[in-house]
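Here is the structure we will look at, set down as structure tokens.
Values in this text are rule-based calculations from the coordinates and carry no lab data. Being a predicted model, the structure only gives us computed values, none of them experimental. Because the Cβ atoms are built from the backbone with ideal geometry, glycine has one as well, and the counts that use them run over all protein chains shown.
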Amino acid sequence: MIARTDRIRSGGVNRSPRRLRRRELPADTVTLARYLLGKLVARKMGRSTALVRIVETEAYVPGDAACHGFRGLTERNRSLFLLPGHAYVYQCYGAWWLLNVSSEAAGTGCGVLLRAAQPLQGVALLRRGQEHLPETALCKGPGRLGRALCVDRRLDGIDLLQGKELWLAGAGTGIGDIWVSVRIGVNRAAALPLR
């Protein structure tokens, strides 16, 4: 799902946006992917906190052959099977750490990939290792988003609703139109309109 970024206002974010609560999260993966659009990801690094607004998501639903939980629970994908709202972090192509949010009931391995975000606060923190990129490209794509938020395997399995280093928060603003398309970068079930 893609939110129209030209309709998302930058700025206007409280210094301490309210954390999301588990009871607010939709129980369905596709609905969660839409719900997360416009929400914030906060990343505390040292004494500073960076904030980004989620503008693109991708759903991995029950029975989905492209989902890492499709073949069942393993040590690598165990975070997908936790209660909704936990981080599932994995490395893609040996270079990029990708951030997903677990969805569905505990024991069902599904999630929402955070594909892109809009930097709102702490741009200097988000730039680490990406100094050459313009601000608009810092969180464009799941790999760059993971790099900007300093996501790695250590954050796998944390509760994104109660975390101290990384958490989800409400935005307090509308998001405008939502566009839907097929997923990209997957070989299985690529034609499903889950992006």
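Is one or more of the residues making up segment 115-132 within 12 Å of the chain's Cα centre (by Cα) and of a type in the set (D, E, K, R)?
Among the residues of segment 115-132, at least one is within 12 Å of the chain's Cα centre (by Cα) and of a type in the set (D, E, K, R), which makes the answer yes.
Which residue is surrounded by the most Cβ atoms within 10 Å (Cβ to Cβ), if the candidates are limited to segment 125-153 and must be without any contact (Cβ under 8 Å) to a residue 12 or more places away in the chain and part of a loop (DSSP other than H, G, I, E, B)?
Leu133
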